[in-house]
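Asker: Please read through the structure below; I'll follow up with questions.
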Amino acid sequence: MNSYTVQVASQEHFDLAESICHEMAESAKARGTGIAKRTPEYLREKMSEGKAIIATDDVDGSFVGFCYIETWQHGNFVANSGLIVNPSYRQYGVAKAVKAKAFELSRERYPEAKIIGITTSLAVMKINSDLGYEPTTFSELPVDDNFWKGCQSCVNYDILTRTERKICLCTGMIFDPNEVKKTDEEKDEKWIFLKNMADFSQLKKFKEKLLMPFKPKGKSK
Ligand SMILES: CC(C)(COP(=O)(O)OP(=O)(O)OC[C@H]1O[C@@H](n2cnc3c(N)ncnc32)[C@H](O)[C@@H]1OP(=O)(O)O)[C@@H](O)C(=O)NCCC(=O)NCCS
């Protein structure tokens, strides 16, 4: 694998938007989840606003990894969305590096905002945990319908609607800058049972059994 550089994306990366979108769609197909449709134009908009992080190959400049930030409820929440790593570079820490840069950018631009994410990916849960996110209930996430619109193209959307947005296969995670300022005694202990990846994995399996009792075997990713 060639070395790569992680940076805030700009107009000089516009020509990579097509291949990033293509990979997002292909990976979603492979995972069988469906995904919020992103267009190359939308990714270019994020790049020109300085709200996207890109990793590029140092030798040929091709796309290695990507994600962007979005704000909700007047900047009270920031989500790091659209994380994708080129399959040839997976398992080498690229997602970790891209998410760390996106986290840094989010903290710089929106220091008071809660940083949030919803995901079924154990890799992403691990990265988020290491960055200081905690698992949270959906009621702590934005109430804005536009935030949840991104879920409409997911194959599990019926679960989210039938539970009235209370629970789904995704785990909600949050970094609350105010929690960080608290002492250990002051911190909310309600999710303390989720301490490591084995716990996240168990929770995911439990939710699949509970919410998808008739799911065909071998579909879990
Ligand atoms: C998920 C994805 C972004 C991970 O990218 P990656 O560059 O391979 O991830 P990293 O190498 O940075 O791994 C980060 C951590 O997750 C762990 N990890 C990676 N894949 C994992 C998996 N399938 N299950 C559990 N943990 C995993 C790694 O061991 C690493 O932990 P460590 O820091 O303790 O070593 C990549 O597989 C991808 O693009 N998938 C398709 C799109 C997608 O699923 N996006 C996420 C939508 S929320």
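Asker: Return a yes/no flag: does the stretch 84-91 have any residue that is modelled with pLDDT under 95, surrounded by 14 or more Cβ atoms within 10 Å (Cβ to Cβ) and within 14 Å of the ligand (Cβ to nearest atom).
Answerer: The first filter runs over the stretch 84-91 and keeps only residues modelled with pLDDT under 95, leaving none.
No; the residues of the stretch 84-91 include none that is modelled with pLDDT under 95, surrounded by 14 or more Cβ atoms within 10 Å (Cβ to Cβ) and within 14 Å of the ligand (Cβ to nearest atom).
Asker: Still on this structure: Which one of these does residue 23 not meet: (1) touching a helix residue (DSSP H, G or I) at 6+ places or on another chain (Cβ under 8 Å); (2) surrounded by fewer than 18 Cβ atoms within 10 Å (Cβ to Cβ); (3) over 18 Å from residue 98 (Cβ atoms)?
Answerer: (3)
Asker: How many of the residues in the stretch 124-183 are modelled with pLDDT of 90 or more, among the β-branched types (Val, Ile, Thr), surrounded by fewer than 18 Cβ atoms within 10 Å (Cβ to Cβ) and not in a loop (DSSP other than H, G, I, E, B)?
Answerer: 1
One line per residue, one yes/no per condition, for (1) out of contact with any Ser or Thr (no Cβ under 7 Å at 6 or more places or on another chain); (2) within 15 Å of the ligand (Cβ to nearest atom); (3) touching a residue at least 24 places away in the same chain (Cβ under 8 Å):
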| position | (1), (2), (3) |
| --- | --- |
| 147 | yes, yes, yes |
| 156 | yes, yes, yes |
| 171 | no, yes, yes |
| 177 | yes, no, yes |
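Asker: Counting only residues that are buried (at least 17 other Cβ atoms within 10 Å of the Cβ), within 22 Å of residue 60 (Cβ to Cβ) and of a type in the set (Gly, Ala, Ser), how many does the stretch 92-123 have?
Answerer: Of the residues in that region, 2 qualify.
Asker: Please identify the pairs in which a residue from the stretch 76-101 that is in contact (Cβ under 8 Å) with a residue 40 or more places away in the chain and outside any helix (DSSP H, G or I) has its Cβ atom under 6 Å from the Cβ atom of a residue that is of a type in the set (D, E, K, R) and near the ligand (Cβ under 8 Å from one of its atoms), counting only partners at least 6 apart or on another chain.
Answerer: 84/23
Asker: Same structure again: Is it true that some residue in the stretch 42-49 is among the hydrophobic types (A, V, I, L, M, F, W, C), in contact (Cβ under 8 Å) with a residue 60 or more places away in the chain and under 26 Å from residue 104 (Cβ atoms)? Before you say what the answer is, go through the steps one by one.
Answerer: So the first thing to find is which residues in the stretch 42-49 are among the hydrophobic types (A, V, I, L, M, F, W, C), and the list is 43, 47.
Subsequent filtering for residues that are in contact (Cβ under 8 Å) with a residue 60 or more places away in the chain retains none.
Checked against the condition, which is being among the hydrophobic types (A, V, I, L, M, F, W, C), in contact (Cβ under 8 Å) with a residue 60 or more places away in the chain and under 26 Å from residue 104 (Cβ atoms), the stretch 42-49 yields no hits at all.
Asker: While we're on this one: Return a yes/no flag: does the stretch 26-40 have any residue that is touching a residue at least 60 places away in the same chain (Cβ under 8 Å) and closer than 22 Å to residue 100 by Cα.
Answerer: Taking the stretch 26-40 as the starting set, the residues that turn out to be touching a residue at least 60 places away in the same chain (Cβ under 8 Å) are 27, 31-37.
If we keep only those that are closer than 22 Å to residue 100 by Cα as well, we get 27.
The answer is yes; a qualifying residue exists.
The values are calculated or read from the model by the stated rules, or taken from the named source; none is laboratory data. Keep in mind that what you see is a predicted model, and the values were worked out from it rather than measured. Ideal geometry is used to build each Cβ from the backbone, glycine not excepted, and the neighbour counts take in all protein chains shown.
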